[in-house]
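What follows is a single structure, written as structure tokens, with notes after it.
The values are calculated or read from the model by the stated rules, or taken from the named source; none is laboratory data. Being a predicted model, the structure only gives us computed values, none of them experimental. Virtual Cβ from ideal backbone geometry, glycine too; neighbours counted across all protein chains shown. Protein only, heavy atoms only, side chains kept; ligands, DNA and RNA dropped before computing areas. Shrake-Rupley method; radii C 1.70, N 1.55, O 1.52, S 1.80 Å.
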Amino acid sequence: MKRNRYVAGFLSLLVPGLGQIYGGSGARGATILAGAIVIGNLNLIFLLLFAGAAPDPGSLWAYWIPRAGHDLLSVWSIVFWIWAVVGAYLYLRGKS
């Protein structure tokens with residue numbers, strides 16, 4: 001059965017790794033999905049741990065450091081997600 005590369009890209013846009021699984025690379029898709037889950041959880045854990053650890057809510061530690069870490073992890077999450085979408089599209093492009 002021939003797979004559509006646009007569908008694979010769209011599926012990876014919905015859930016990272018789903019396009020690779022649709023395209024026939026289940027192990028690669030599962031790895032990408034696991035990576036997305038790890039990155040998302042690290043982002044949440046980082047924000048909760050450091051925001052709750054500050055003794056003074058108005059201090060630099062309480063606001064700017066957790067925010068900078070959260071923003072950095074958010075950028076990496078977006079880059080990772082775009083990489084997954086493009087990877088799913090290109091994987092099927094090479095198979096056609």
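Which residue pairs have Cβ atoms under 6 Å apart, sit 6 or more places apart or on different chains, and have a first residue in segment 29-48 that is under 25 Å from Ile65 (Cβ atoms) and a second that is open to solvent by 50 Å² or more (accessible area, probe 1.4 Å)?
Leu47/His70
Condition test on Ile37, is it at pLDDT 85 or above and at negative phi? Break it down into steps so the answer makes sense when it comes.
Details: at pLDDT 85 or above: yes; at negative phi: yes.
Yes, satisfied.
Return the residues of segment 18-33 that are of a type in the set (Ser, Thr, Tyr) and either open to solvent by 40 Å² or more (accessible area, probe 1.4 Å) or assigned to a helix (DSSP H, G or I) (or both); say none if nothing qualifies.
Across segment 18-33, the qualifying residues are Tyr22, Thr31.
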